[in-house]
1. If you build the Cα gyration tensor of the range 2-82 and take the root of 5 times each eigenvalue, what three semi-axes come out, in whole angstrom, biggest first?
2. Provide the FRET efficiency to the nearest 0.05 for the residue 88-residue 3 pair, computing r from the beta carbons and using R0 = 41 Å.
3. Sort 40-49, 24-33 for me by packing, meaning the mean count of neighbouring Cβ atoms within 10 Å per residue, highest on top.
4. By how many nm would the segment from residue 67 to residue 46 lengthen if fully extended, with 0.36 nm per residue of separation less the alpha-carbon distance?
5. Rounded to two decimals, what is Rg over Rh for the range 47-93 when you use alpha-carbon atoms and the Kirkwood radius?
């Protein structure tokens, strides 16, 4: 998909719709945010989930972009094995990535809990 998307982003998503797909799972959501914002509604596709590296990124921008695109679940695609050797190794990224899902979290947004 990378090459067709690079050549014709909206046309590639239209082709997926023509094939009968209704949902996609984008990768590199921040890099393609503008394309996704235009092409998803134009094609009728939805993206309930996305792959996006969370380590070292601007988590607020990632989750704001996800919310703007209607993406409810962001999957971190890969963590090297040497960073999963202890309980602390696993707890550190989990603690770093737990953020409220929207600006209404303080008002008790049910999606944020």
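1. Details: eigenvalues 105, 37, 26 Å².
Those come to 23, 14, 11 Å.
2. 0.50
3. Values: 40-49: 15.3, 24-33: 17.1.
Ranked from most to least packed, the peptides come out as 24-33, 40-49.
4. Details: separation 21, 0.36 × 21 = 7.56 nm, distance 1.23 nm.
Answer, rounded to one decimal: 6.3 nm.
5. Values: Rg = 12.3 Å, Rh = 11.7 Å.
Ratio of gyration radius to Kirkwood radius for the range 47-93: 1.05.
Where a number appears in this text, it was derived from the coordinates with a stated rule and is not lab data. Computed from a prediction, not measured in an experiment: that's the story for all the values here. Ideal geometry is used to build each Cβ from the backbone, glycine not excepted, and the neighbour counts take in all protein chains shown.
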